[in-house]
1. Every residue in region 202-218 that is open to solvent by less than 30 Å² (accessible area, probe 1.4 Å) and either touching a Ser or Thr at 6+ places or on another chain (Cβ under 8 Å) or among the acidic types (D, E) (or both), please.
2. Does region 49-64 hold any residues that are out of contact with any Phe, Trp or Tyr (no Cβ under 8 Å at 6 or more places or on another chain), hydrophobic (A, V, I, L, M, F, W, C) and either without any contact (Cβ under 8 Å) to a residue 24 or more places away in the chain or more than 14 Å from P149 (Cα to Cα) (or both), and which are they?
3. Here is a check on your reading of the model: is S235 more than 19 Å from I75 (Cα to Cα), surrounded by fewer than 17 Cβ atoms within 10 Å (Cβ to Cβ) and out of contact with any Ser or Thr (no Cβ under 6 Å at 6 or more places or on another chain)?
4. Among the candidates A199, A185, single out the residue that is open to solvent by less than 10 Å² (accessible area, probe 1.4 Å) and modelled with pLDDT under 95.
5. Can you name the helices (runs of 4 or more DSSP H) wholly within region 1-115 that have at least 1 residues being at pLDDT 80 or above and more than 20 Å from S156 (Cα to Cα)?
6. Within region 135-163, which residues are of a type in the set (S, T, Y) and open to solvent by less than 50 Å² (accessible area, probe 1.4 Å)?
7. Inside region 39-75, can you point out the residues that are small (G, A, S) and surrounded by fewer than 17 Cβ atoms within 10 Å (Cβ to Cβ)?
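The values are calculated or read from the model by the stated rules, or taken from the named source; none is laboratory data. All values reported here derive from a predicted model rather than from experimental measurement. Here Cβ is always computed from backbone atoms with ideal geometry, including for glycine, and neighbour counts include all displayed protein chains. The area values use the complete protein model at the heavy-atom level, side chains included, leaving out ligands, DNA and RNA. Shrake-Rupley method; radii C 1.70, N 1.55, O 1.52, S 1.80 Å.
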Amino acid sequence: MDAEPRIDHTKPHSARVWDYVLGGKDNYAVDREAGDNLLRMFPDFAQVARLQREFLHRAVTYLVAEVGIRQFLDIGTGLPTANNTHEVAQRLAPECRVVYVDNDPLVLAHARALLAGRPEGMTDYIDADVRDPATILEGAARTLDFSQPIGLMMLSIVGQVPDSGLAADLVRRYVAALPSGSHLALSDGVNVNPALVEAVTFYNQGAAFPYTLRSPEQVGHYFEGLDLVEPGVVSTPLWRPRAGTEQPPSAVISAVCGVGRKP
């Protein structure tokens, strides 16, 4: 595919490292080395990744089944794994439309091949950076109806923006473009766990896109102006856990999440 030559094999990319720690095969030696270092320094990193995928599943299920949302904008989708946004949404309501956004050419190649969606709905992909809301929103409007509520998914993507002021501004700009009744589902790693902070600091030294851990309070500020869905901004596994789910130890948290409704 024409995107292949643009793939940088010399630096780890978060989407491919994430794929590796989740047991995927769409990664390179440099990504596996970075992933192994993360796991060596912070053995629970793979669990953090899995817990986020479970939050995605629960959040999309809530938005489709309980709120009635039928279209999603997923920024920073990463490589296709089980239970992506379109799979969860279209399994519940086949007419759901989903637009994915990422800027890794390998993700683009897989998206074109795998993210076909169901014939009743529609799935599209935008090759763009989260820092370019104009391009993303314009592209999303080709598939999504911005006069109807949209589920905005931003999972582990705001941390890819080092400048905290810009990160908050980007979230505000995306939310501002959505109609009333839309929801923001957001999660990000936080700087509470010293072992995670050390591991991410080491990872950032060679990463193509460094990751910035922020405080839970900073992540909570992304929901300003929105009506938080219970239980609010909490540790990722604690957002509406499924009945019978084993609760994690109440030690330090590594990531927080929340869902907010635009009035």
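1. Those that are open to solvent by less than 30 Å² (accessible area, probe 1.4 Å) and either touching a Ser or Thr at 6+ places or on another chain (Cβ under 8 Å) or among the acidic types (D, E) (or both): A207, R214.
2. Just the residues of region 49-64 that are out of contact with any Phe, Trp or Tyr (no Cβ under 8 Å at 6 or more places or on another chain), to begin with: 50-54, 56-57, 61-62, 64.
Next, only the ones that are hydrophobic (A, V, I, L, M, F, W, C) stay: 51, 56, 64.
If the condition is that a residue be out of contact with any Phe, Trp or Tyr (no Cβ under 8 Å at 6 or more places or on another chain), hydrophobic (A, V, I, L, M, F, W, C) and either without any contact (Cβ under 8 Å) to a residue 24 or more places away in the chain or more than 14 Å from P149 (Cα to Cα) (or both), then L51, L56 are the ones that fit.
3. Numbers: more than 19 Å from I75 (Cα to Cα): yes; surrounded by fewer than 17 Cβ atoms within 10 Å (Cβ to Cβ): no; out of contact with any Ser or Thr (no Cβ under 6 Å at 6 or more places or on another chain): yes.
The answer is no for S235.
4. After applying the criteria, what remains is A199.
5. Numbers: elements: 14-21, 29-41, 45-61, 85-92, 105-114.
Because the criterion is at least 1 residues that are at pLDDT 80 or above and more than 20 Å from S156 (Cα to Cα), the helices (runs of 4 or more DSSP H) in region 1-115 that meet it are 29-41, 85-92.
6. Of the residues in region 135-163, the ones of a type in the set (S, T, Y) are 135, 143, 147, 156.
Passing the criteria: T143, S156.
7. Within region 39-75, the first condition is being small (G, A, S), and the residues that meet it are 46, 49, 59, 65, 68.
Of everything in region 39-75, those that are small (G, A, S) and surrounded by fewer than 17 Cβ atoms within 10 Å (Cβ to Cβ) turn out to be A65, G68.
Listed here are the residues, each with its yes/no results for (1) modelled with pLDDT under 95; (2) assigned to a loop (DSSP other than H, G, I, E, B).
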| site | (1), (2) |
| --- | --- |
| A167 | no, no |
| R173 | no, no |
| L178 | no, yes |
| A195 | yes, no |
| Y203 | yes, no |
| A208 | yes, yes |
| E224 | no, yes |
